1. Give the stretch 88-111 a look and list any residue that's buried (at least 19 other Cβ atoms within 10 Å of the Cβ) and among the acidic types (Asp, Glu), or say none.
2. Under 6 Å by Cβ, and 6 or more places apart or on different chains, what pairs join a residue from the stretch 81-95 that is farther than 15 Å from residue 137 by Cα with one that is surrounded by 15 or more Cβ atoms within 10 Å (Cβ to Cβ) and of a type in the set (Ser, Thr, Tyr)?
3. Check the stretch 148-163 and report whether any residue there is surrounded by fewer than 17 Cβ atoms within 10 Å (Cβ to Cβ), in contact (Cβ under 8 Å) with a residue 40 or more places away in the chain and farther than 23 Å from residue 65 by Cβ.
4. For the list (1) assigned to a loop (DSSP other than H, G, I, E, B); (2) at pLDDT 85 or above; (3) closer than 14 Å to residue 151 by Cα, I need the number of the one condition that residue 56 fails.
5. Does residue 123 satisfy being at positive phi, modelled with pLDDT of 85 or more and hydrophobic (A, V, I, L, M, F, W, C)?
6. Here are some conditions: (1) over 21 Å from residue 154 (Cβ atoms); (2) of a type outside the set (Val, Ile, Thr); (3) at pLDDT below 90. Residue 64 meets all but one. Which one does it not meet?
7. Go through 116, 85 for me and flag whichever is over 30 Å from residue 38 (Cα atoms), part of a helix (DSSP H, G or I) and not aliphatic (A, V, I, L, M).
Amino acid sequence: MVLKVNLFCDNVYGKHVRNNMADELSKEVDWNEELETALLQECDFGSLRNICKGRPVPAKHRPNVWQGDSLSSFDGFFDLPEQSTIREDCAQLVDKLGNEEEEKVSVVADLESMITYFSKSRVESYSSDNGWLNILQPLLALKLGKSETYNCFYALINKYIASTMTLSCVHSSIPNGSHQMCMHNHGSGACLHRCAT
């Protein structure tokens with residue numbers, strides 16, 4: 001009798017485990033297909049992030065996820081109430097960097113695009129002391145493309161800065177605080193990698 005009960009339990013338990021494994025495999029295939037479709041449609045970085053939901057991105061999709069153009073959904077309108085402040089602050093930052101005159105206009109335009117898009121997409125107002133440009137400044141030294149720079153900026157803000165915390169405390173207490181934290185904890189080579197995860 002005991003043997004029959006054990007066989008019955010093993011049989012029922014085994015079916016349960018097999019069914020759970022099949023369900024998990026089906027879910028894994030579903031989100032991978034959803035990710036693949038989103039990549040083909042060139043969805044923005046936020047949409048891709050929502051699809052992944054903290055799961056590791058499959059190796060075959062990583063280059064496309066991290067190289068995607070997050071700014072592609074930017075409407076191209078520089079129409080925020082604080083737009084003139086954004087433009088002035090971007091120009092001041094680029095002046096401090098010492099770029100060639102030919103590069104300055106392009107870098108200012110890229111910075112203004114990134115700040116404007118970030119402000120619009122997060123529905124947050126820009127102010128000179130919010131620290132966004134302080135986080136972008138060391139990323140500019142990496143000489144990445146505009147989209148890659150924005151992706152790292154976005155990842156740093158989301159990963160290391162509390163949503164209720166203003167970045168002015170980063171700005172006032174530690175210059176380039178998030179970059180220094182990343183460099184200290186992970187080294188320069190890992191900093192770029194950490195921005196992309």
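1. Those that are buried (at least 19 other Cβ atoms within 10 Å of the Cβ) and among the acidic types (Asp, Glu): 89, 110.
2. Going by the 6 Å Cβ cut-off, the qualifying pairs are 82/126.
3. No: zero hits.
4. Result: residue 56 fails condition (3) only.
5. So residue 123 passes the test.
6. Every listed condition holds for residue 64 apart from (1).
7. None of the others qualify; the one that does is 85.
The values are calculated or read from the model by the stated rules, or taken from the named source; none is laboratory data. For clarity, every value in this text was computed on a predicted model and none was experimentally measured. Every residue, glycine as well, gets a Cβ built from its backbone with ideal geometry; the counts of neighbours run over all protein chains shown.
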